[in-house]
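Trainee: Sharing a structure here in structure tokens format.
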Amino acid sequence: MDAVIDNLDIFAEGFRRTVGLSLFASVAALILGTVLAAMRVSPVPPLRWTGTAYVQTVRNTPLTVVFFFVVFVLPQLDIVFSYFMFAVVALSIYHAALVCEAVRSGINGVDLGQAEAARALGLTFSQTLRMIILPQAFRNVLQPLGSVVSALIRNTSIAAAFGVQELTGMVQRLTTANPDAVIAVLLGGVVAYLILTVVLAAGLSLAERRVARAQ
């Protein structure tokens, strides 16, 4: 374990970058996914078609291909970011489709009578969605959304292949420098990822209990 203990600063740096990737991409995916879900239940056909096309295309495209598109195609369109931000964009684009489907299932689970009552009160579609439907939908899909974020955390490892020295990138670097301690270094990386997912699961469980008490 000396290879792990002596390189805790490198593990910590990779851990911080993974946390940063996860936080930024999760927030962006949640926002974009919610917008897509609203489009998919919209009464405006072009919006529904656009939302459906996005979800079906992205969900059936490997995440690695999304990374390739973002990292190598966007610069050709004069859209240039750091590799870290490219990774955030790729993760957000991909997981927004998953968030969309989770949120849409939550929307479909809300009693239709509430939307009809809102329309009877004169609320517009966007007002009904924002003030009545979405708050209930999010409460209904905390677990699926948590699963999406957990998958996103694990998928940040792909960023290592595209120039981002996050946790997996640091583990690769350390295994190369310490070929006699590969197992220990890999176990250190596994423990770091477990910390992230366990903390997420604990936070999700706490949120679910609070929602249950509020109901």
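Trainee: Are any of the residues in segment 196-205 surrounded by 14 or more Cβ atoms within 10 Å (Cβ to Cβ), part of a helix (DSSP H, G or I) and of a type in the set (Gly, Ala, Ser)?
Mentor: no
Trainee: If the Cβ limit is 6 Å and pairs must be 6+ apart or interchain, which residue in segment 26-42 that is in contact (Cβ under 8 Å) with a residue 60 or more places away in the chain pairs with which residue that is of a type in the set (A, V, I, L, M) and open to solvent by 40 Å² or more (accessible area, probe 1.4 Å)?
Mentor: Once the first residue is in contact (Cβ under 8 Å) with a residue 60 or more places away in the chain and sits in segment 26-42, its partners that are of a type in the set (A, V, I, L, M) and open to solvent by 40 Å² or more (accessible area, probe 1.4 Å) give 26/149.
Trainee: Checking residue 188 against (1) open to solvent by 60 Å² or more (accessible area, probe 1.4 Å); (2) of a type in the set (Gly, Ala, Ser); (3) within 21 Å of residue 13 (Cβ to Cβ), which single condition isn't satisfied?
Mentor: (1)
Trainee: Assuming residue 163 fulfils every condition listed in (1) modelled with pLDDT of 90 or more; (2) at positive phi apart from one, which condition is it?
Mentor: It fails just one condition, (1).
Trainee: For residue 166, which of the numbered conditions (1) surrounded by fewer than 21 Cβ atoms within 10 Å (Cβ to Cβ); (2) charged (D, E, K, R); (3) closer than 22 Å to residue 67 by Cα fails to hold?
Mentor: Looking at each condition in turn, residue 166 falls short on (1).
Trainee: Mind listing whichever residues of segment 66-96 are within 12 Å of residue 29 (Cβ to Cβ) and of a type in the set (Ser, Thr, Tyr)?
Mentor: 92, 94
Trainee: Same structure, new question: Consider only pairs whose beta carbons are under 6 Å apart and that are at least six residues apart or on different chains; among these, list those whose first residue lies in segment 65-79 and is over 15 Å from residue 155 (Cβ atoms) and whose second residue is open to solvent by 100 Å² or more (accessible area, probe 1.4 Å).
Mentor: Pairs found: none.
Trainee: Another one. I'm told residue 174 meets every condition in (1) open to solvent by 40 Å² or more (accessible area, probe 1.4 Å); (2) farther than 23 Å from residue 25 by Cα; (3) in contact (Cβ under 8 Å) with a residue 12 or more places away in the chain; (4) not hydroxyl-bearing (Ser, Thr, Tyr) except one. Can you identify the failing condition by its number?
Mentor: Going through the list (1) open to solvent by 40 Å² or more (accessible area, probe 1.4 Å); (2) farther than 23 Å from residue 25 by Cα; (3) in contact (Cβ under 8 Å) with a residue 12 or more places away in the chain; (4) not hydroxyl-bearing (Ser, Thr, Tyr), residue 174 breaks only (1).
Trainee: From 154, 139, which residue is open to solvent by 20 Å² or more (accessible area, probe 1.4 Å), in a helix (DSSP H, G or I), at pLDDT 85 or above and under 16 Å from residue 20 (Cα atoms)?
Mentor: After ruling out the rest, the residue left standing is 154.
Trainee: Please enumerate the residues belonging to segment 186-195 that are under 18 Å from residue 156 (Cβ atoms) and modelled with pLDDT under 90.
Mentor: Those that are under 18 Å from residue 156 (Cβ atoms) and modelled with pLDDT under 90: 186, 188, 189, 190, 191, 192.
Trainee: Would you pick out the residues in segment 176-215 that are of a type outside the set (A, V, I, L, M) and out of contact with any helix residue (DSSP H, G or I) (no Cβ under 6 Å at 6 or more places or on another chain)?
Mentor: 176, 179, 180, 193, 203, 205, 209, 210, 213, 215, listed by residue number.
Matching residues to (1) of a type in the set (A, V, I, L, M); (2) farther than 26 Å from residue 130 by Cβ:
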position: 24; (1), (2): no, no
position: 40; (1), (2): no, no
position: 44; (1), (2): yes, no
position: 47; (1), (2): yes, no
position: 55; (1), (2): yes, no
position: 63; (1), (2): yes, yes
position: 79; (1), (2): yes, yes
position: 87; (1), (2): yes, yes
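The values are calculated or read from the model by the stated rules, or taken from the named source; none is laboratory data. Predicted model only: the values in this text are computed from it and were never measured. When we count neighbours, we look across all protein chains shown, and the Cβ atoms used for this are built from the backbone with ideal geometry, even at glycine. The protein model used for the area step is the full one, side chains on, heavy atoms only, and it has no ligands, DNA or RNA in it. Shrake-Rupley method; radii C 1.70, N 1.55, O 1.52, S 1.80 Å.
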